[in-house]
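Worksheet: one structure, shown below.
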Amino acid sequence: MAIDISQFLKSPEIAAAKVEPRGTMWRATSRQSVSPLAMMIAPLVARVMMGPKPELGGAQTPTFNVGILAITEDELVLVGLTAGLTLKPSGVLGRVPLSDVQACELKRARLSSPLTVTFRDGGQWLLEVARLDLARGKKLAAAFSARSQTGQRVPPAR
């Protein structure tokens, strides 16, 4: 990943993926305003391409536009990115010990895949991974699964 977030992590990164709040891609697709006709059919196109509008209620996802979700030896860290000519790290939006994370589930979808982080206290972060970053999203979910199944630390990816 070209964006260096190591300054925000307390230990080496095992895996990381660029994420957005759930529903970002759906909203972007459904709000096309090229012409009056496009404005009328854009929600239909979004529904056909990506399914029904995602349900967002009840999640404790931090407020951000674009970020990087990283897993380290001990914690899950969400780092916000500021948009400009290039994306730059802006700060930590959320930091959770891995012992407090119950599941990290990535489901496959057409344009953006939903990523759900479920905490032991019942809370959730509802995120999505763009198709272009899906391979990193899969590594992130696999790294969490490997760690939670063995109960041991997973060595950092090289």
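The values are calculated or read from the model by the stated rules, or taken from the named source; none is laboratory data. Everything numeric here is computed off the predicted structure, so don't read it as measured data. Quick reminder, even Gly has a Cβ in these numbers, built from the backbone with ideal geometry, and neighbours come from all protein chains shown.
Of all residues being surrounded by fewer than 15 Cβ atoms within 10 Å (Cβ to Cβ) and on the phi < 0 side of the Ramachandran plot in the range 147-158, which is modelled with the highest pLDDT? Just the residue, please. So the residue we want is Gln149. Of the strands (runs of 3 or more DSSP E) contained entirely in the range 32-143, not one carries at least 3 residues that are modelled with pLDDT of 90 or more, touching a strand residue (DSSP E or B) at 6+ places or on another chain (Cβ under 9 Å) and of a type in the set (Phe, Trp, Tyr).
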